[in-house]
Each structure stands twice: as C-alpha cells, then as structure tokens.
Amino acid sequence: MTPKPGSMEHLTFHHQTWDSIAHIAAFSDVPPDGYDGTVGVPLGTIAVAPARSASVTGDALTLLLQLYPQRSEGPVHYIAKGADQYGLFQPDGEHLCFLVTTDKRHCATATVPDDWYDRWHSVAAVYGGTRIQLFIDGVEVACEPATRFLRYAPGGLLFGRHPVQTGVGVGVLHRFQLYDVALAPSLLAQALSAPTPECRIDFSFDTWESFSGTTPRPNEPTEPTPWQKALATWQATDTELSEGTLTWQTAPGILWDHLTVDWEVCRDGEVKQQGTCDLNWDGATGCLSVQPGYTFPRDEAGTEYWLNFHFKEDSCEEPKSVARKQFLLPTDRSLPPGPMANGLPPIDIHEKDNVGYFKGENFTLEIDLPTATILSWEIDGEQLLELGPIHQLWRAPARAELGDNDALATHWSAAGLAENMMGVTAMEALQDMPPRVALQFKGLIIRRDSEVLFEVAREYVVHGDGEIVLRQTLTPKAPLPPLGRIGLELRLPNDMIHVAWYGGGPGALFEDSQVENTISQYTCTASAPFPASSWPTELGHKRDVRWLTLRNSGGRGLFIGSHTPYTATVSPYSTFQLTEAMHPDCLTPDSALTVHVDSWLSTPERLASLPDGALTCEIRMRGLLPEDRAPWECLKRGIPEGVAEPES
C-alpha cells in the first residue's frame with residue numbers, strides 16, 4: 001500500500017487488527033458532510049511503519065487531522081506514538097484528550113461539541129514548549145501548561161488503537177500531518193491544504209489497496225525435557241574430567257535406563273574424538289555414571305577442548321535427542337608472549353579537524369577524537385567499518401516490555417537511555433615505535449538529563465599489520481536505572497552478511513526457544529527474513545562468543561575476537577528500526593549492518609541483574625582476506641607488545 005503521491009516522506013502501512021482480517025476501501029474526495037462509506041479509511045486497520053519523522057523529541061509538535069468520529073462504548077485512540085510519547089484519544093464518549101510526555105505526562109482535555117459524532121471535523125493538537133493546546137474546527141477547546149523536551153518512547157505511529165491496550169477504535173480518518181514546530185493558530189486551517197516546510201509527515205488515505213493481516217505474536221517458548229532439566233544440576237570435577245569417569249545424583253521420578261549416550265571431544269568446536277558409552281543408572285539411589293573412552297588432550301595455548309554428551313531415546317525407530325550436556329576440559333590454555341611489534345610495518349599518523357588519521361602498509365583508519373569513535377576503517381581500499389564502536393545501553397524492547405508506567409521500556413525512556421552520549425574529557429596519543437600507536441581516552445557516559453552514568457577509559461592500540469585492539473573499562477558513577485544492555489554497537493557495510501562464530505548455539509539463539517547452549521562453531525546469514533510471526537525485536541543473540549567473523553560474498557570481512565566471552569547480535573535492521581517497528585512488514589534492511597558486542601545483556605526471557613562494579617573488555621579486530629581461513633589463530637598468541645632486542 002502506498003501513501004498519496006507527493007507525501008513528505010515515503011511510509012509503508014500495514015493492518016494492525018490484532019485478531020481479525022480487515023479490508024481497506026478505496027476513496028477519492030471528502031464530501032462536505034456525512035460519511036457514506038466510500039471515502040476515508042476506518043480507524044484501527046493501519047499502522048505507520050517506523051520512521052524518524054514520527055519520533056519528535058524536541059520541545060515543539062503539531063498534529064493535524066481530518067476526522068469523522070463515531071460513537072464507541074469504550075476509549076478510542078485516534079493517534080498513538082509508542083505507549084505514551086504523544087497521542088490524541090477519547091477516554092469516553094464525552095471528552096477528547098491530547099497527551100504529550102516530557103519529564104511527566106501532560107494532558108489537555110476538552111468536552112467534545114454537540115455535533116462531534118457522524119460529521120467531519122478538523123482537529124489540531126499543538127505543543128510549544130510552554131503549553132499544550134487542543135483545537136476543534138479552528139477553536140481552542142483546551143490548554144494546559146507543559147515544559148521540557150518530549151520524551152522518546154519506542155514504537156511506531158498507530159491510528160485507531162493503542163499499542164499495548166485492547167480494543168480497536170471507530171471512526172474514519174482522511175488526512176494527517178505532523179510538524180516538529182508549534183504552528184500558530186492562524187496557520188492551522190491553511191496548513192492542511194498548503195503544508196509549511198516544517199511538515200515531517202503529510203499524507204491522505206486515498207487509492208488504498210486491499211490487504212489482510214493478523215496480529216504478530218511472540219515465539220512460543222520451547223519447554224525443556226525432564227532429562228534436560230535434571231542435567232542442569234550436573235557438575236563434574238576436574239578430577240572426573242581428567243580421569244574420564246563421571247558420576248552424579250539425579251532427581252527422583254525420572255527414568256534413565258532407556259537412554260543411550262553419544263559423546264565427543266571438540267577442539268575449538270571441531271570434533272576430534274567421538275563414540276558411544278553406557279549409561280549406568282541405579283534406580284534405587286538415583287546415581288548415574290558414564291565412562292566415555294576419550295584420551296585427555298594435551299595442553300595447547302589459547303585452545304578450548306569441550307566434552308559433549310548427547311542423550312537419546314533408543315526405544316524409537318529413529319533415536320530422538322532428549323538432552324545434551326557440555327563440559328570444558330581442564331587443560332592449560334595460557335598464552336605465550338606476543339610477537340615483537342617492531343617487526344611489523346610502520347604507521348603514519350596525523351590529526352586534522354579533531355579527526356585522527358592512521359595509514360599503514362595496506363590500511364587507513366579515521367577516529368573521531370571528541371567521541372573516541374572510528375569513522376572509517378579500510379583495508380586494501382575496501383571498507384570494513386563505517387562507524388563505531390558506539391557505546392549502547394538501549395535494546396529494542398519486546399512487546400512484553402512495552403506498556404504503561406511499570407513497563408521496562410517506559411523506565412528506559414524516562415532515563416533517556418536511547419539518547420545517552422559519550423563525551424571525551426582527556427586524550428593521549430602514544431607511538432613508542434613506528435609499527436604501534438596507542439590512543440588513550442577518558443570520558444563520561446551522560447544521559448539526556450546530564451546525569452553521569454559511567455566513567456569510561458578506552459584505549460585503541462593500532463598495529464602495523466592492521467590489527468586493532470580495543471580495551472575499555474566502564475565504572476558506574478550513580479545507581480544504575482534499568483538497562484537493556486551494556487555494550488558496543490558497530491555499523492558495517494551491509495554486504496557482510498555471511499556470519500560465523502565460535503560460541504553458544506546451535507543456530508541463532510532465539511532467546512524464547514533455546515534451553516541449552518552448546519559451545520561450538522556455527523554459521524548463519526544476516527539477510528534472513530524476520531520471522532513473520534514474531535514481534536519485531538532483537539532476535540538471534542549469540543551468547544558466550546569467543547570470536548565472530550562477518551564476510552561479504554568475495555570473502556573479505558571483519559574478525560572480532562576476545563578472550564572474555566561476549567554476547568553478539570548481527571542484524572540487517574538498525575536498533576532504531578527494531579525499536580519503532582510494530583510488525584515485520586514495517587522492516588526493510590538498513591543501509592548498514594548493525595553488530596552489537598555486549599559485555600552485559602538482559603532480555604525478557606533471560607533477565608539479568610545489573611553488574612556490580614566496573615566492566616572491562618578487550619576486543620581484537622582484524623580485516624579478513626578471502627585466503628584467511630582461520631583468523632581465530634591470532635587468539636592463540638599474545639598481542640604484539642614487546643620490542644625485539646638488537647642483535648649484538
């Protein structure tokens with residue numbers, strides 16, 4: 001469906017009828033009076049796709065509508081941006097309200113005129129930084145004081161319903177305009193026919209096509225099997241893992257004697273040994289024991305060996321997996337000293353207009369010094385990073401987190417977490433040798449109300465071979481409000497859709513369907529369509545990630561590794577798009593790929609306590625060529641730090 005040609009911004013629309021299939025009728029011109037069913041669009045059947053035009057966060061706003069109200073037994077929401085950013089609604093049959101939320105909710109309420117129903121009216125709602133006003137047919141009917149900037153609220157712009165309340169409004173809407181200025185009363189009437197340049201959204205609901213849709217519903221959680229639940233308490237000692245005999249006490253009431261056990265030993269996700277072993281179960285005592293016949297691996301720097309168990313029902317024609325368990329074998333993974341940095345190619349550096357420029361043998365790098373953010377990183381003329389890492393505390397809310405005053409997303413919005421800023425307070429550049437440069441930043445994470453959330457110490461170490469090591473420490477400076485994440489956001493070229501990682505799996509970890517993660521190597525693509533049955537939010541969080549690679553079809557790309565496991569998310573949609581969208585139909589891939597590298601993440605299915613104390617991370621980033629088939633090998637040696645002694 002397409003808005004009227006000449007609209008100020010191209011927006012897509014979809015049905016939001018929740019549990020019914022609806023039809024949008026075509027129409028042409030608004031008649032002078034009366035509604036004969038051939039013009040306008042019935043309320044409650046459409047929602048505007050997410051667009052920055054709808055998210056006005058300054059201290060001025062104007063809404064203009066041509067509206068045909070009809071009586072309803074319950075509340076009617078004509079306009080709703082998110083849960084409470086701004087809106088126009090009738091709480092009952094006698095009143096009309098204009099709502100805006102700044103530091104608190106402000107509402108101007110008027111009694112509707114006697115001829116309100118079953119006639120066309122022009123309605124205007126204006127916020128000018130000092131007051132909110134409501135006009136019906138050019139007459140001011142309500143005015144209330146209000147100050148400060150509009151508070152951001154996640155969610156798209158809805159017509160005829162509220163995003164978290166049941167019920168669909170009645171009435172017909174013909175024209176809608178949105179401005180980020182407070183129009184003077186004398187301009188309201190003419191603006192509908194002749195929009196001013198400040199108009200951000202302007203469309204008429206004409207020439208609509210028929211479309212059907214139903215409510216998006218979250219994925220249903222997958223209930224773990226009784227055996228999977230019982231295995232959650234199984235803890236093996238280092239001695240048991242070294243000797244190869246494992247014993248544990250099971251919960252009563254669960255039968256194990258019909259199960260078989262497959263085992264495997266994996267080196268960094270690659271199977272090196274495998275077999276089948278007996279499961280010895282004493283039904284009287286509940287004691288279980290297994291003796292997998294593996295050879296304990298030798299110590300290897302930076303290498304993890306995992307022992308995996310797969311429990312299967314052998315009573316079926318095709319053995320069915322019912323549970324799995326994984327243990328990290330206690331090998332020595334200590335890293336040797338890194339190679340000598342002075343054996344690498346030299347780096348040329350200079351500064352201009354608050355941007356640091358770095359040029360190596362085959363790479364160029366630009367860093368914005370006031371924000372400590374990479375603006376561009378190219379290797380052999382190919383872009384690896386378009387922007388980042390940007391500090392990020394916001395996560396696109398799930399539908400369960402949207403709502404009224406007690407909803408998590410409401411707390412996030414009130415804290416200004418979608419708009420937090422990092423400001424650099426001190427910087428030092430060190431080049432102790434030609435092949436290595438270190439940029440050290442100190443700064444603050446500040447939310448919109450100027451409260452300091454974190455002190456930041458960030459360091460980039462750039463090596464002559466193009467590797468970048470990022471070290472960062474965040475120290476909380478105030479009691480933290482509810483947060484969605486604490487991490488970094490990177491913007492990559494949108495053709496780097498081929499993703500591989502070593503960490504939790506299998507597949508993309510949809511939080512509401514996975515009950516047990518197996519650490520191994522996995523692959524996926526970032527271009528897969530968003531699940532049509534899901535509420536648009538962040539999906540596919542990859543937990544316990546040691547390294548992540550993103551490549552284009554030619555094999556070039558980026559490697560992100562760490563010795564401290566992190567949570568990674570890769571999406572063709574931006575954080576803002578996922579925050580605003582209310583249906584998968586609203587989403588189109590962004591111009592860049594969004595990658596999150598999180599030290600701490602809380603999700604609706606796996607709520608986490610806020611971290612206590614400072615958070616430290618160290619990330620190694622390298623450019624990838626098609627021939628780099630094992631870029632993770634760099635994690636098996638130390639970071640180049642030393643200086644080779646000259647030969648005597």
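General remarks:
- Restricting attention to the stretch 91-105, the residues that are over 15 Å from S72 (Cβ atoms) and outside any strand (DSSP E or B) total 3.
- Matching residues, the stretch 279-317, being outside any strand (DSSP E or B) and surrounded by 13 or more Cβ atoms within 10 Å (Cβ to Cβ): G286, Q291, P292, Y294, F296, P297, E300, A301, G302, T303, E304
- Against the conditions (1) at pLDDT 85 or above; (2) more than 28 Å from F363 (Cβ to Cβ); (3) open to solvent by less than 20 Å² (accessible area, probe 1.4 Å), L615 satisfies every one except (3).
- Filtering the stretch 121-151 to residues that are modelled with pLDDT under 95 and among the aromatic types (F, W, Y) leaves only F149.
- Apart from one condition, E264 fits all of (1) modelled with pLDDT of 90 or more; (2) among the charged types (D, E, K, R); (3) open to solvent by 60 Å² or more (accessible area, probe 1.4 Å); (4) touching a strand residue (DSSP E or B) at 6+ places or on another chain (Cβ under 8 Å); the exception is (3).
- Condition check for G275: over 24 Å from A230 (Cα atoms) and open to solvent by less than 70 Å² (accessible area, probe 1.4 Å): no
- Complete set of residues in the stretch 60-90 that are modelled with pLDDT under 90, over 21 Å from A189 (Cα atoms) and either part of a strand (DSSP E or B) or of a type in the set (S, T, N, Q) (or both): Q70, S72, V76, H77, A80, K81, Q85
- Scanning the stretch 353-383 for residues that are of a type outside the set (A, V, I, L, M, F, W, C) and either farther than 30 Å from M496 by Cα or in a loop (DSSP other than H, G, I, E, B) (or both) gives D353, N354, G360, E361, N362, P370, T371, D380, G381.
- Only one of L439, L375, L430, L384 that is modelled with pLDDT under 90 and of a type in the set (A, V, I, L, M): L430
- The stretch 69-93 residues that are free of Cβ contacts under 8 Å to residues at least 40 places away in the same chain, paired with ones that are open to solvent by 20 Å² or more (accessible area, probe 1.4 Å) and of a type in the set (V, I, T) (beta carbon under 9 Å, 6 or more apart): P91/T109
- Extreme residue, least open to solvent (accessible area, probe 1.4 Å), among residues of the stretch 318-339 that are assigned to a loop (DSSP other than H, G, I, E, B) and without any contact (Cβ under 8 Å) to a residue 40 or more places away in the chain: T331
- First in the stretch 117-142 and charged (D, E, K, R), second anywhere and open to solvent by 60 Å² or more (accessible area, probe 1.4 Å), Cβ under 6 Å, 6 or more apart: R131/P145
- The set of residues in the stretch 168-200 that are touching an Asp or Glu at 6+ places or on another chain (Cβ under 7 Å), of a type in the set (S, T, N, Q) and open to solvent by 60 Å² or more (accessible area, probe 1.4 Å) is empty.
- For the stretch 224-245, the set of residues classified as more than 40 Å from the chain's Cα centre (by Cα) and either of a type in the set (V, I, T) or open to solvent by less than 50 Å² (accessible area, probe 1.4 Å) (or both) consists of T239, E240, G244, T245, listed by residue number.
- S72 passes every criterion in (1) open to solvent by less than 50 Å² (accessible area, probe 1.4 Å); (2) closer than 24 Å to T579 by Cβ apart from (2).
- Exclusive hit being in contact with a helix residue (DSSP H, G or I) (Cβ under 9 Å, 6 or more places away or on another chain) and among the β-branched types (V, I, T), set T295, T331, T303: T303
- Residues of the stretch 540-591 that turn out to be open to solvent by less than 10 Å² (accessible area, probe 1.4 Å), assigned to a loop (DSSP other than H, G, I, E, B) and within 19 Å of R491 (Cβ to Cβ), as a count: 3
The values are calculated or read from the model by the stated rules, or taken from the named source; none is laboratory data. Not measured: the values here are computed from a predicted model. Heads up, the Cβs are rebuilt from the backbone with ideal geometry, glycines too, and the neighbour counts pull from every protein chain shown. Ligands, DNA and RNA are excluded from the accessible area calculation, which covers all protein heavy atoms including side chains. Shrake-Rupley method; radii C 1.70, N 1.55, O 1.52, S 1.80 Å.
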